[in-house]
Amino acid sequence: MKNISIYTGMMTLLIALSGNSASADDGCNLSLGAADNMQFSTKAMSAPASCENITVTLNHTGQFPKNAMGHNWVLTTEADFKGVAMDGGSAGLKNNYVKEGDSRVIAATAIIGGGESTSVTFSTGGMTAGTAYTFFCSFPGHWGIMKGTFTLS
């Protein structure tokens, strides 16, 4: 019995440390990485259409500070992507390279530097299942490479 108790305790600890829970993942919590090579760890993200809210966590796996190689995660429609990215450049680091009050932005995280992480939770109200949205990093010069497709399925 003592060995079973130790095994159960160890499994509970491993589950807690890995960030997983005993319940099934609903797919509404997503994460991705970004490094100093100006690449997201994925070019496509999706979540179930049943998610009323989605949380996206961005982990900067690089080493450079945010003023030199900062990254964020911004979500827009495909049609709005380039305009939001262009306008974000003039918004500056203090505004996370996102124009203040830009109604075209569905969600955006803060700019982070190496070793940092950030997340954003947003409502899917107004989004359409099956429609391709664009996520990107709005740091100047990054959005041309650091982008991908986001869908509700």
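Exactly one residue out of 94, 99, 82 is over 25 Å from residue 46 (Cβ atoms), in a helix (DSSP H, G or I), over 14 Å from the mean Cα position of the chain (by Cα) and of a type in the set (Lys, Arg), and it is 94.
Mind listing just one residue for me: the one in region 110-153 that is in a loop (DSSP other than H, G, I, E, B) and within 13 Å of the chain's Cα centre (by Cα) and, of those, nearest to residue 91 (Cα to Cα)? Give the derivation first.
Going residue by residue through region 110-153, those that are in a loop (DSSP other than H, G, I, E, B) are 110-111, 113-116, 124-132, 137-146, 153.
Filter once more, keeping what is within 13 Å of the chain's Cα centre (by Cα): 110-111, 116, 137-138, 146.
On the way: 110: 13, 111: 12, 116: 22, 137: 14, 138: 10, 146: 18 Å.
Checking each candidate, the answer is 138.
Only one of the listed residues (94, 66) is of a type in the set (Lys, Arg), in contact (Cβ under 8 Å) with a residue 24 or more places away in the chain and under 22 Å from residue 35 (Cα atoms). That residue is 66.
We did not get these values from a lab; they are worked out from the coordinates using the rules stated. Values in this document were obtained by computation on a predicted structure and should not be read as measured data. Here the Cβ is made from the backbone with ideal geometry for all residues, glycine too, and neighbour counts use every protein chain on show.
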